[in-house]
1. Report, to the nearest whole %, how much of the accessible area of region 310-456 belongs to carbon and sulfur atoms, 1.4 Å probe, protein only.
2. Whole-Hz ³J(HN,Hα) for each residue in region 364-379, computed from phi via Karplus 6.51 cos²θ - 1.76 cosθ + 1.60 with θ = phi - 60°, x for glycine and proline: what do you get?
3. At 1.4 Å probe radius, can you tell me the per residue accessible area of region 460-607 in Å²?
4. Counting only protein heavy atoms and using a 1.4 Å probe, what share of the accessible area of region 769-901 belongs to carbon plus sulfur, as a whole percent?
5. Give me the one-decimal Kirkwood hydrodynamic radius in Å for region 355-443, with the sum taken over alpha-carbon pairs.
6. Please turn the phi angles of region 701-716 into ³J(HN,Hα) values with the Karplus equation 6.51 cos²θ - 1.76 cosθ + 1.60 (θ = phi - 60°), one per residue in order, whole Hz, x for glycine and proline.
7. At q = 0.14, 0.19 Å⁻¹, work out log10 I(q)/I(0) for region 17-200 with the Debye formula, treating every Cα as an identical point scatterer and leaving solvent out; two decimals please.
8. Please report the net charge: other residues with Cβ closer than 14 Å to the Cβ of VAL883, K and R +1, D and E -1.
Amino acid sequence: MLDISAASVAVRRLDYAPPAFLIDEVQLEFDLAPTKTTVTNTMRIRRAPGAAGAAARDLVLHGDDLDLVSIAIDGRPWTAYTANDDGLTVSALPSDAFTLKLVNTNRPAANTSLSGLYVSNRNFFTQCEAEGFRRITYFLDRPDVMTTYTVTLRAARDDYPVLLANGNLVETGELPDGRHFAKWHDPFVKPSYLFALVAGKLAAREKRIRIRSGEEKLLQVWVEPHDLPKTEYAMDSLVHSIEWDEERFGLPLDLERFMIVAVSDFNMGAMENKGLNIFNTKYVLADAQTATDFDFAGIEAVVGHEYFHNWTGNRVTCRDWFQLSLKEGLTVFRDQEFSADMAAKGLSPEAAAAARAARRIDDVRGLRQNQFAEDAGPMAHPVRPDSYVEINNFYTMTVYEKGAEVVRMYQTLFGRDGFRKGMDLYFKRHDGHAVTCDDFRAAMADANGRDLAQFERWYSQAGTPRVAVTTRYDAAARTYDVTLSQGYGPSSAAAKATQTGPLLIPFAIGLVGADGRDLPLKLEGGTRADAPTTLVLELTETEQTFRFVDVAEAPLPSLLRDFSAPVIVHYDYTDAELTFLFAHDRDAFNRWEAGQRLATRALLGLTAAASRGEALTIDPAIVAAFGRVLRDESLAPAFRELALTLPSERYLSEQIDDADPAAVHAARQFLRRALANGLRDDLFAAYDQNRVEGPYAPSAIDSGHRGLKNVALNYLADLDDPSDTAALARAQYDTADNMTDRSAALAALLQIGKPHATAALDDFYRRFEHDALALDKWFAMQAVRRGAPGERVLDDVRALMAHPAFSLKNPNRARSLIFQFCMGNAAQFHAADGSGYAFWADQVLALDAMNPQVASRLARALERWRKFTPGLRDAMRAALERVAAGVQSKDVREVVEKALA
Ligand code: TRP
Ligand code: ZN
């Protein structure tokens, strides 16, 4: 896996050329064995119509880490070929159309990269996106080569009783020597990245459903047999996903059966292979004892996401990997809408709106904390990137979450119905094809009769746009002018080069009157007969003024309602104005946003004071503002939980040049203590009022109550005198009947101080010793522990790495301990002595040798090194240079080289 030759070779979007050869059909036969699996690959190949020149002469197939056994064309052994590290070149082709039969072997048990065919817990799994299929057999491993697959699996029956592949099962039978086989056929054309097989000792939860057409479908969730009781929620989520996609988008399940398989060694969340989705166990297995409300929500979202890919990704796929957001941005948008609809289901209109808002806030918080940072750093790239060295590095927050915001903007501009029309046209035009982001935009434009040429810039420009707002009220004329101007903040040279002109920004706005109510909105020259209370302004110029007329009083603007575009808004609110909006804004998102702005401003002031070594103080009005929201029973608990959650240390550091994580931590802790001490009684009251009676259910309502209760507990752990909290947390730990409460209690005890948590930590370990996902939490909670002054949490982390239950090879375990420490414990990771960075370099290099994809994710923990104080910056640079000198994979090399450039 030494990639030195390929090290920094970039693939460029504008170099795209259509394939010179096509595959009309492929038959794959697998003789599965862990040390050596043999693949017999028979392809009907033909030169693409019109293909000419050098590219069309020889057939060049991708291959990676394969051993070729034999090659034949139209039944005759072929000798005109060369094989190298990147694949196989077949020459002297006899005609424009021929059958190529290849036999090759690969080594699943030795495959620690978890890309291609690999073994996990003695079972076989595959992962082919993006370029893993070439690690299974030689192929035209690019998404615009689509074909139909017939797959025969052969293996020892005792060890591998279950044999699965994409599509429909057509035949099974016995073979000599205790072996058996299964033959699968997938009637839908697909690119190789959607291929999958699974073999081993697994059991399925099954359900038969009838879709709207009346057809019956078989649903299966395959897991290790002892995990069957934990598959109910995943199955329910699948059923809900199928219903939702028919209801909202008219998109039915197309295959006779749909399978989900869980595997404990997996690089990401899950994979949408046609009819055979393969999932990280984390997004399948759950019960009240072992999974939190957050975990349940993750399962619903990821099951939905992968299922929705069946249309947005599989039936219509990507022409090339630069178009990745075509399927990912769209599918994230769809899963967000699904989760919001599920949370709102069956509630009163007001409660439904609150439930949807909570989901929106959650999504935006993630985007702003992570994607905005990515967009401001060395890995910044457009939603549709222009080049990559390793495509696996581009499964990013930008492609996924910013991509989802770009899709959401179509819906904001055209409404749900207009968006649906665009989707219908997209499928009508492109079903069964590999297409581009431009094709999607064209479908939206044509279905809605709009010119969306300018909107293309959302796909091609990197960096987070900023919108500066100024306002002017003219009491005599009763007009209110809102001037919006757009641009970008400081950007890397590469990002700057993409910033070519103003964007079309849907900018939702409301005007709030002195009584807290929305004013009716009428735009000068507007044609709307009604006077809505929220309007979507379309900002298309660098600067534009919108005049509202008949404005009876000087309003307060509520800007970018529901976060209508992925931008940063600058407006000079006073603290008093923010406090007012925090108490009154009718747009739930902006009500939350006002609290966040208030807190952020206070925290940045406190951070500056802490860096100067000054004593910290806080305006009691801020504590009072949070107290009012905490006590406001008209607000959904889930909203109050979000409102009370302060911006993360990571997010705050992003807002500062020469950031000092220790000062940020001191500031945030100071404000947390001030809120805890100042709102002590209210917090205890919220704790009591939000206990959930009765059996555990992961519903939006119950989890909202638990969330508020546990956020209160967490604040109370920061009281100057936390002795009552310690008793309360210990009682909660001991009596909890679910993981949400048990883990929250343990986290609170750890927050009070490690000695308070020792007994519970030991108990937790004993209780969940044999449950990998629960044990991940045990590692993670210790990795993100705050630590007493002067204490080094890293010492614990190192000790935990020597624990018999720790393994670097298992990505979930590595993430729970190492990633949590490096990316979720800023103050400890950025210790002044550089110990965190040295640890990071050791782990990146260790992971790099076995799993480049996972290593490369960890490598990104230092990419924002230039933001920090000079002392930290130097130590980070040294660690990055050490990794750059020792790296093997192009995955990690691309990340550290871009960081250092
Ligand atoms: N396409 C998958 C999804 O969106 C994610 C994915 C991409 C993936 N590459 C992967 C999963 C590699 C596992 C391994 O859900
Ligand atoms: Zn996806």
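The values are calculated or read from the model by the stated rules, or taken from the named source; none is laboratory data. Computed from a predicted model, the values in this text were never measured in an experiment. In this analysis, Cβ positions are derived from the backbone assuming ideal geometry, glycine residues included, and neighbour counts consider all displayed protein chains. Accessible surface areas use protein heavy atoms only, side chains included; no ligands, DNA or RNA. Shrake-Rupley method; radii C 1.70, N 1.55, O 1.52, S 1.80 Å.
1. Ligands and nucleic acids excluded, carbon and sulfur give 47 percent.
2. Karplus values, whole Hz, x for Gly and Pro: 5, 4, x, 4, 5, 6, 9, 6, 4, 5, 4, 5, 9, x, x, 9.
3. Accessible surface, normalised per residue, equals 40 Å².
4. Taking all protein chains in place, region 769-901 shows 54 percent carbon and sulfur surface.
5. In region 355-443 this quantity evaluates to 14.8 Å.
6. 5, 4, 5, x, 4, 4, x, 5, 4, 6, 6, 4, 4, 5, 5, 5
7. Debye intensities relative to I(0), on a log10 scale: -0.74, -1.33.
8. Computed value for this residue: 0.
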